[in-house]
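Enquirer: Here it is: the structure, laid out below.
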Amino acid sequence: MNKEQKQLKTNMIFEYFDIHSHLNLGELKENQDEVISEMAKEKIGTITVGIDLETSKEAIALAKKYKNIWATVGFHPMNVFKEEFNKESYKNLILENEIVAIGECGLDYSKLKDNDLRTKERQKEVFTKQVELAVEFNKPLMIHCRPKENTMDAYFDALEILNSFSEPRLKGNIHFFVGDTNIAQRFLNIGFTLSFTGVVTFSKDYDQIIEYLPLNMILPETDAPFVTPVPYRGQCNKPQYIKEIVKRIAEIRNRDVEEVKQIFIKNTLRVFDSIKSDLT
Ligand SMILES: [Zn+2]
């Protein structure tokens with residue numbers, strides 16, 4: 001980043017911040033320049049998330065180019081048999097670039113057969129290596145965890161892995177949280193925040209957990225280009241639509257949108273603290 005870009009980043013004050021998007025994927029990638037300049041006009045920032053080596057590099061390139069974009073590097077659990085996870089390659093990316101978190105990484109059992117222990121073991125192994133990177137570089141984790149329907153299995157396994165790293169203390173966020181209050185509490189106990197997507201605008205399934213959580217432990221995300229919120233269903237999702245998600249969470253909590261907006265920005269800068277140091 002040159003001096004002028006750094007200066008711009010420093011002057012950025014956000015109206016909204018989308019803590020999890022993929023400007024490096026699908027239709028959103030094709031329109032990224034247009035979407036990002038629109039975002040800048042509306043004072044919207046985002047963390048764009050890597051899901052393999054290539055998309056992690058693309059996230060870094062976007063963060064270097066644009067003042068309102070930050071990057072993570074990570075390897076998604078669904079990719080474990082698509083390519084080899086090479087810890088050294090990720091380590092080099094972290095050493096050579098500014099990144100704000102490790103992920104998305106985690107466990108996804110949603111589409112696995114019950115007896116598919118091989119995939120589960122591989123996912124755990126690759127997740128553990130990424131937790132090690134988070135410890136080594138003192139970065140927060142951006143965790144993707146998806147259990148098999150009607151179970152909490154992937155959350156139990158992820159918690160077991162995280163708890164095996166009790167020293168030093170880990171930090172991070174559970175992206176697209178779909179667990180119950182018991183699981184939520186276990187993540188709160190280790191200081192992890194939970195984030196919610198546009199699904200909250202068209203499903204009541206998340207109301208109870210959103211009512212349960214302290215507001216300072218909630219983060220909003222679009223997961224764009226996926227799960228477009230109401231009233232944009234049918235269109236490609238983009239970080240601008242974070243407004244609808246914040247609005248809906250404020251509604252569930254019966255709080256003023258402005259107030260909730262400010263709390264979420266504060267939470268974002270607390271969890272992803274290298275954004276904060278970039279801004280000050
Ligand atoms: Zn994602």
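The values are calculated or read from the model by the stated rules, or taken from the named source; none is laboratory data. Worth saying up front: this structure is predicted, and the values here are computed from it rather than measured. When we count neighbours, we look across all protein chains shown, and the Cβ atoms used for this are built from the backbone with ideal geometry, even at glycine.
Enquirer: Given the criterion within 16 Å of the ligand (Cβ to nearest atom) and at pLDDT 95 or above, identify the matching residue among F264, F177, F202.
Expert: F177
Enquirer: Consider only pairs whose beta carbons are under 9 Å apart and that are at least six residues apart or on different chains; among these, list those whose first residue lies in the range 59-87 and is within 11 Å of I99 (Cα to Cα) and whose second residue is among the basic types (K, R) and assigned to a helix (DSSP H, G or I).
Expert: As it stands, the answer is A71/K64; V73/K57, since those pairs meet every condition given.
Enquirer: Hey, another quick one. For the range 193-204, indicate whether the set of residues that are without any contact (Cβ under 8 Å) to a residue 12 or more places away in the chain and not charged (D, E, K, R) is non-empty.
Expert: Yes, some residue in the range 193-204 is without any contact (Cβ under 8 Å) to a residue 12 or more places away in the chain and not charged (D, E, K, R).
Enquirer: Identify the residue in the range 239-280 that is farther than 22 Å from I174 by Cα and touching a residue at least 12 places away in the same chain (Cβ under 8 Å) and, among all such residues, is surrounded by the most Cβ atoms within 10 Å (Cβ to Cβ).
Expert: D278
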